[in-house]
């Protein structure tokens, strides 16, 4: 229902808006050469087009659309896309008649092969004869012709909205009001053995009307709208409702039984198979919100017509064209449309669902596949009995409104704009597929293009550019590239290909038998521009903190040779190191990354402050930390330089590096020197002055112990420890005579400690 209380069918007035909806490998350098060799070997062994090995960063990369969902992001014209991602010539969509109206809401065919089309928003009915000649046969006073049915004499019954009348149109073109219930909308009609069944809104009734136009309520469903009707072989009426999403079976006596209470808001269309299966199309309320039915006819929504010659490039990133995991009970808020299959035994299963677009109509083809018409670029999907979907064809108009079958074939009615097409049975003579744009992330050199399983004639062209959407700044389409040939489009960040598929004709010019043109597995090799690594942080830990590598689970050589990320198997190559105390240790820890996903190695250099020459400390580290034993260096101020290189993943001439410097760091492993003055006595009181000096850093603090007692803080004589030399005076009073000791220890800023002991004798 829309905001005015109309079922979702009225909400089709505007097409639903389309919804827009690297694996890094961290391993040690001891494995990098093995991985590169193994990946190169496996790439050679794989058949062209099959790409299951992730490329090592810095080497040749491959772009390949994998599976149906990826190919659906492109734009096919005259092309079908199979479940596996195979591109095939589609059944031909032959234009038959243009109504000149915005929408076709309903359709029906009589025994003579005439097709009737009910349109909106001018409430007209058109007849198209078997030769494709169309003409206006009824111009009602209503806004929309929302339902059509035909009897065995060729009379057409026309259901209209929002005045809720049913007209009868004779084969001779005479029309009159046949049935005028008090209901507002006529959503569905079905004719069976001389009886017309009428499904209405907003009171949700099903009427039974005889040939004279006398009607009575067969059943009042207590629903708001009866959206779909059909009559089975027993004469029972099958109905789809809104807003409870019920599938009802109504006996000739008017007894209603719910075959299924779906989680969807609306059962929009029904189809009966020859074997008694019922296929039901359920729609969610995602696009509109329910509200009470209006008491007065609502104003039609504004109309935006889309030119049949225009084209819009749309990227859809969410598809689910495979059978849902659960057979029934599918949550309505997760999908736009669900195709249900009801078996004669009463079993129900959700055969297929569409989370990213809506489906408007359903029919069966001669093979037992279910055909679905959507608002997804006017696409038609074929769903097989197992629930696997194939994109069968794509129309030039925005949405598929109805299917109608006559003696001359299967026809498709569209909206935005309202046209009639014949679907097949012949294949299209030519199909064109324009791929989605691929982003290589960096300027790339393009290599070989390959494909598999070609039948028929294939032509592939490419174009490249540096804007996300192709525009006038892109290159022109290249000349055709043969299978295994090199892409000739200029280096750029983005690339797109256009594939043309045509029938392979024999020497006589006739198509080869049993050779539906097709292709799959298009793959393009490219070498992206190498970009410098980045060092996000470089941390210098406090003096005395050492880093130790944590033992890690050995990596299976088979994983390495496969090119897979060890993390997939629960093996982490980036376990943080453990911190331990080590005298004289100075540790460095950093984070770095590479935009190309390349493997990195690191080198550390150092120099003293004021010196210009860098000296190598360590080369080709694979871990992101290093602990230096500073006792190997003279005391002084140093600057360290970390260099990150992507050499393991690139040829030497392509390898790049970046660097980061530390702030000046003091290295001081020499403890302060301490000397003491001669003790000064005043009775049992004694006073001793200690002078502490450090050649490199400032004095940080001092402590004193009397006669081996606990250590106590000792302040400098000037009250603050802030210079390389400090004086500390110890004053003590002893209760007993004899020998006593005074011990002072002094710490510098680097944690070095010096001590001095004075022994005194108290008289």
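The table below gives the values:
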| quantity | calculated |
| --- | --- |
| Only one of 476, 468, 472 that is under 27 Å from the mean Cα position of the chain (by Cα), loosely packed, with under 15 Cβ neighbours inside 10 Å and in a loop (DSSP other than H, G, I, E, B) | 468 |
| Qualifying residue in region 681-692 (condition: within 15 Å of residue 750 (Cβ to Cβ), in contact with a strand residue (DSSP E or B) (Cβ under 7 Å, 6 or more places away or on another chain), assigned to a strand (DSSP E or B) and not assigned by TED's automatic domain parsing to the domain that holds residue 613) | yes |
| Members of region 616-634 that are more than 23 Å from residue 658 (Cβ to Cβ) and out of contact with any strand residue (DSSP E or B) (no Cβ under 6 Å at 6 or more places or on another chain) | 629, 631, 632, 634 |
| All positions within region 345-364 that are assigned to a loop (DSSP other than H, G, I, E, B) and modelled with pLDDT of 95 or more | 347 |
| Filter result for residue 242 (within 26 Å of residue 342 (Cα to Cα) and either touching a strand residue (DSSP E or B) at 6+ places or on another chain (Cβ under 7 Å) or at pLDDT 95 or above (or both)) | yes |
| Close pairs (7 angstrom Cβ cut-off, 6 or more residues apart or separate chains): in the same structural domain as residue 284 (by TED's automatic domain parsing) in region 249-262, in a loop (DSSP other than H, G, I, E, B) and surrounded by fewer than 14 Cβ atoms within 10 Å (Cβ to Cβ) anywhere | 252/235 |
| Matching option when the condition is at pLDDT 95 or above and more than 49 Å from the chain's Cα centre (by Cα), among 160, 195 | 195 |
| Selection from region 59-78 of residues that are assigned to a loop (DSSP other than H, G, I, E, B), buried (at least 17 other Cβ atoms within 10 Å of the Cβ) and more than 21 Å from the chain's Cα centre (by Cα) | 59, 78 |
| Residue within region 196-209 that is in the same structural domain as residue 144 (by TED's automatic domain parsing) and surrounded by fewer than 14 Cβ atoms within 10 Å (Cβ to Cβ) present | no |
| Selection within region 400-429 - in a loop (DSSP other than H, G, I, E, B) and crowded, with 22+ Cβ neighbours inside 10 Å | 416, 418, 428 |
| Strands (runs of 3 or more DSSP E) contained in region 79-129 and holding at least 3 residues at pLDDT 95 or above and within 16 Å of residue 414 (Cα to Cα) | 91-98, 103-109, 115-120, 124-128 |
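The values are calculated or read from the model by the stated rules, or taken from the named source; none is laboratory data. What you see is a predicted model; the values in this text were computed from it and never measured. We place every Cβ from the backbone using ideal geometry, glycine too, and count neighbours over all the protein chains shown.
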